[in-house]
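**Q** Right, I'll just put the structure down here and ask away after.
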Amino acid sequence: MVTFEYAPAPESRSVVDIASSYGLFIGGEFVESDGGTPFKTVNPATEEVLSEVADATEQDVDAAVRAARTAYSRVWSRMSGTDRGKYLYRIARILQERAREFAVLETLDNGKPIRESRDVDIPLVAAHFFYHGGWADKLDHAALGDNPRPLGVVGQVIPWNFPLLMLAWKVAPALACGNTVVLKPAETTPLTALLFAEVCQQAELPPGVVNIVTGAGATGQAIVDHPGIDKLAFTGSTAVGKMIARSIAGTRKKATLELGGKAANIVFDDAPIDQAVEGIVDGIFFNQGHVCCAGSRILVQENIAEELDHRLKRRLQTLRVGDPMDKNTDVGAINSRTQLERIEEMVKVGESEGATRWDSGCDLPANGFWFRPTVFSNVSQSHRIAQEEIFGPVVSVLTFRTPGEAVAKANNTPYGLSAGIWTEKGSRILWMADQLRAGVVWANTFNKFDPTSPFGGYKESGYGREGGRHGLEAYVRTGADD
Ligand code: TAP
């Protein structure tokens, strides 16, 4: 298919200064690791090394937990909610002022298109701090129970797909409720968390309220196992989530786990089909499909399956895949070589199971990690590509005849994070939403996020909610809880 050639429209990277190496952010200062071997973080679109980052050891995690405990007992838990709120607002305003710097850095470290980091990630990050700043002095009125009080020191471990946004989902509610935190960003995307540490300094946040320890899985495990942690907030894969649940079983640690998903995006024959196609594109090709709630399974009513297939493939041929720093780019780089290999392996599995593979055929850059938008048809429920998360720009298409069959197929996975419904009938939307075992159900839209709206899963997608009033519940104790 012929598309216009756009002139390149690259965002400038001159707004961001990347240091050649970074230490750990403990007790309000950047400090060197106590013996860890630094690791490199690369730009996945070019494979250029961006910086070297400290690998936090058990001793470093211990120092961070001790700094967080001191800040908790001496300052933060004693401060009025009004004053805590002021700090959150200050952080939110600085994030807005430095939004372009954060967007460019996120795109360089993660590979996501600048259009998305600029228009989605960073504005939502600021919105989360504003929203939770508003709750800080109103916790008594949030229907959380009698006398809501902070839990103490919270350990937070986050993934690489929305690095700064996942940090905001974790840090903002924890601080609003009076807790202090030790957070570990993902190994492949630590840079915006380290820039956020600078924002904490700029906002004059009391030292130790936020501590950031970079590292790999072992650093995350050291946080999970540390006896000084009162609560764990984890976002990542279901496999690691299960390990964490096993590690803390029998301890007094509370936990919220936000894990994987395999969402159904269900298209009925009365849906506005071009809008549904846009919703499908947004559902699975946004952020290269590195989205826990991605609409990775299309369930389409049988009598419009052929038409949808035709329109979807025509649309996918217009997606621009390439330089994430170009403002025209729709689909950026896959975050790491490891993730690219996982996607390639799952796609091979799909072909060997007998599904039909199609891709958009677009050109790909010579360096970096890339995968073309891909559609699998002739998929059946038992295929692994219909059951397991691929976490890439790959969608499986299945068909149904009746609403009952759509519900049965949508619910038939180990996950239950999100779902989408496309139909013009309001009554059908309500009936379907009631039947679907998913934490979030979107109707005639997909991937819409707002800090006021709780997000979380059923079944193997985890437990607990983030965002909204419900998200605060995870960060307080009430009544006679000690
Ligand atoms: P994971 O491999 O689970 O990694 C998540 C985080 O846990 C990373 O910081 C990782 O460190 C760390 N980690 C690894 N092993 C650990 C251990 N044994 N103990 C403690 N921490 C450990 O997931 P991922 O591949 O980065 O992220 C993709 C997954 O996250 C997908 O399944 C996706 O669905 C899920 N996700 C869920 C949500 C929600 S809200 N439900 C949102 C985004 C993503 P390293 O970076 O060093 O490996």
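**Q** Please work out which one of (1) assigned to a helix (DSSP H, G or I); (2) out of contact with any Ser or Thr (no Cβ under 9 Å at 6 or more places or on another chain) is the condition residue 432 fails and give its number.
**A** (2)
**Q** Something else now. Kindly indicate the residue of region 277-290 that is within 19 Å of residue 444 (Cβ to Cβ) and touching a residue at least 60 places away in the same chain (Cβ under 8 Å) and also surrounded by the most Cβ atoms within 10 Å (Cβ to Cβ) among those meeting that condition. So that I can check it myself, show each step before the final result.
**A** Step one: list which residues in region 277-290 are within 19 Å of residue 444 (Cβ to Cβ), which gives 277-286.
Narrowing further to those that are touching a residue at least 60 places away in the same chain (Cβ under 8 Å): 279-280, 282-286.
On the way: 279: 24, 280: 26, 282: 20, 283: 27, 284: 29, 285: 25, 286: 21.
Among those that are within 19 Å of residue 444 (Cβ to Cβ) and touching a residue at least 60 places away in the same chain (Cβ under 8 Å), it is 284.
**Q** Moving on to the next point. Across region 412-431, what is the total count of residues that are farther than 23 Å from residue 278 by Cβ and touching a residue at least 40 places away in the same chain (Cβ under 8 Å)?
**A** Of the residues in region 412-431, 4 are farther than 23 Å from residue 278 by Cβ and touching a residue at least 40 places away in the same chain (Cβ under 8 Å).
**Q** Against the conditions (1) within 16 Å of the ligand (Cβ to nearest atom); (2) among the hydrophobic types (A, V, I, L, M, F, W, C); (3) not in a loop (DSSP other than H, G, I, E, B), where does residue 449 fall short? Just the number, please.
**A** Going through the list (1) within 16 Å of the ligand (Cβ to nearest atom); (2) among the hydrophobic types (A, V, I, L, M, F, W, C); (3) not in a loop (DSSP other than H, G, I, E, B), residue 449 breaks only (3).
**Q** Here are the criteria: (1) in contact with a helix residue (DSSP H, G or I) (Cβ under 8 Å, 6 or more places away or on another chain); (2) more than 22 Å from residue 406 (Cα to Cα). Tell me which single one residue 307 does not satisfy.
**A** Only one criterion in (1) in contact with a helix residue (DSSP H, G or I) (Cβ under 8 Å, 6 or more places away or on another chain); (2) more than 22 Å from residue 406 (Cα to Cα) is unmet by residue 307, namely (2).
**Q** Specify which of the listed residues (476, 440, 397) is within 16 Å of the ligand (Cβ to nearest atom) and among the β-branched types (Val, Ile, Thr). Spell out how you get there, then give the answer.
**A** Values: 476 fails: within 16 Å of the ligand (Cβ to nearest atom); 397 fails: within 16 Å of the ligand (Cβ to nearest atom).
One residue alone meets the criteria, 440.
**Q** Taking region 14-51 only, how many residues are at pLDDT 95 or above and surrounded by 15 or more Cβ atoms within 10 Å (Cβ to Cβ)? Explain how you work it out, then say what you get.
**A** Within region 14-51, the first condition is being at pLDDT 95 or above, and the residues that meet it are 14-33, 37-51.
Retained after the next criterion (residues that are surrounded by 15 or more Cβ atoms within 10 Å (Cβ to Cβ)): 16, 18, 22-28, 30-31, 33, 38-39, 41-46, 50-51.
Counting residues in region 14-51 that are at pLDDT 95 or above and surrounded by 15 or more Cβ atoms within 10 Å (Cβ to Cβ) gives 22.
**Q** If you don't mind, another one. Which residues, counting only those in region 262-276, are buried (at least 21 other Cβ atoms within 10 Å of the Cβ) and not in a loop (DSSP other than H, G, I, E, B)? Can you show your working first?
**A** Looking only at region 262-276, we keep the residues that are buried (at least 21 other Cβ atoms within 10 Å of the Cβ), and these are 262-268, 271, 276.
Within region 262-276, 264, 265, 266, 267, 276 qualify.
**Q** Counting only residues that are crowded, with 21+ Cβ neighbours inside 10 Å and more than 11 Å from the ligand (Cβ to nearest atom), which one in region 145-161 is farthest from residue 257 (Cα to Cα)? Reasoning before the result, please.
**A** The first filter runs over region 145-161 and keeps only residues crowded, with 21+ Cβ neighbours inside 10 Å, leaving 148, 150-151, 153-161.
This time we only want the ones that are more than 11 Å from the ligand (Cβ to nearest atom), so: 148, 150-151, 153-154.
On the way: 148: 22, 150: 19, 151: 17, 153: 17, 154: 13 Å.
Of everything passing the filter in region 145-161, 148 is farthest from residue 257 (Cα to Cα).
**Q** Further question on the same structure: Of all the residues that make up region 240-261, how many are part of a loop (DSSP other than H, G, I, E, B), crowded, with 18+ Cβ neighbours inside 10 Å and more than 9 Å from the ligand (Cβ to nearest atom)? Give the derivation first.
**A** Initial filter on region 240-261 (part of a loop (DSSP other than H, G, I, E, B)): 249-253, 259-261.
So of that shortlist, the ones also crowded, with 18+ Cβ neighbours inside 10 Å come out as 253, 259-261.
Those left that are additionally more than 9 Å from the ligand (Cβ to nearest atom): 253.
Residues in region 240-261 being part of a loop (DSSP other than H, G, I, E, B), crowded, with 18+ Cβ neighbours inside 10 Å and more than 9 Å from the ligand (Cβ to nearest atom): 1 in total.
**Q** Scan region 59-76 and give yes if some residue there is surrounded by fewer than 21 Cβ atoms within 10 Å (Cβ to Cβ) and part of a loop (DSSP other than H, G, I, E, B), otherwise no.
**A** Within region 59-76, not a single residue is surrounded by fewer than 21 Cβ atoms within 10 Å (Cβ to Cβ) and part of a loop (DSSP other than H, G, I, E, B).
**Q** Scan region 338-358 and report the pairs whose first residue is within 13 Å of residue 396 (Cα to Cα) and free of Cβ contacts under 8 Å to residues at least 24 places away in the same chain and whose second residue is among the hydrophobic types (A, V, I, L, M, F, W, C) and surrounded by 16 or more Cβ atoms within 10 Å (Cβ to Cβ), with Cβ atoms within less than 6 Å and a gap of 6+ or a chain change.
**A** What qualifies is 357/376.
**Q** Within region 14-31, can one find any residue that is touching a Lys or Arg at 6+ places or on another chain (Cβ under 9 Å) and outside the structural domain of residue 204 (by TED's automatic domain parsing)?
**A** Scanning region 14-31 turns up at least one residue that is touching a Lys or Arg at 6+ places or on another chain (Cβ under 9 Å) and outside the structural domain of residue 204 (by TED's automatic domain parsing).
**Q** Does residue 480 satisfy being more than 25 Å from residue 280 (Cβ to Cβ) and surrounded by fewer than 17 Cβ atoms within 10 Å (Cβ to Cβ)?
**A** Details: more than 25 Å from residue 280 (Cβ to Cβ): yes; surrounded by fewer than 17 Cβ atoms within 10 Å (Cβ to Cβ): yes.
Against the criterion (more than 25 Å from residue 280 (Cβ to Cβ) and surrounded by fewer than 17 Cβ atoms within 10 Å (Cβ to Cβ)), residue 480 qualifies.
**Q** I'd like the residue in region 162-187 that is buried (at least 24 other Cβ atoms within 10 Å of the Cβ) and near the ligand (Cβ under 8 Å from one of its atoms) and, out of all such residues, is farthest from residue 393 (Cα to Cα).
**A** That would be 184.
**Q** Separate question: What single numbered condition from (1) under 27 Å from residue 22 (Cα atoms); (2) free of Cβ contacts under 8 Å to residues at least 40 places away in the same chain; (3) part of a helix (DSSP H, G or I) fails to hold for residue 140?
**A** Status for residue 140: all satisfied but (1).
**Q** How many residues are within 16 Å of the ligand (Cβ to nearest atom) and surrounded by 19 or more Cβ atoms within 10 Å (Cβ to Cβ) when one looks only at region 198-237?
**A** Looking only at that region, the number is 19.
The values are calculated or read from the model by the stated rules, or taken from the named source; none is laboratory data. Note that this is a predicted model, so its numbers are computed, not measured. Methodologically, a virtual Cβ is constructed for each residue, glycine included, from the backbone with ideal geometry; neighbour enumeration extends over all protein chains shown.
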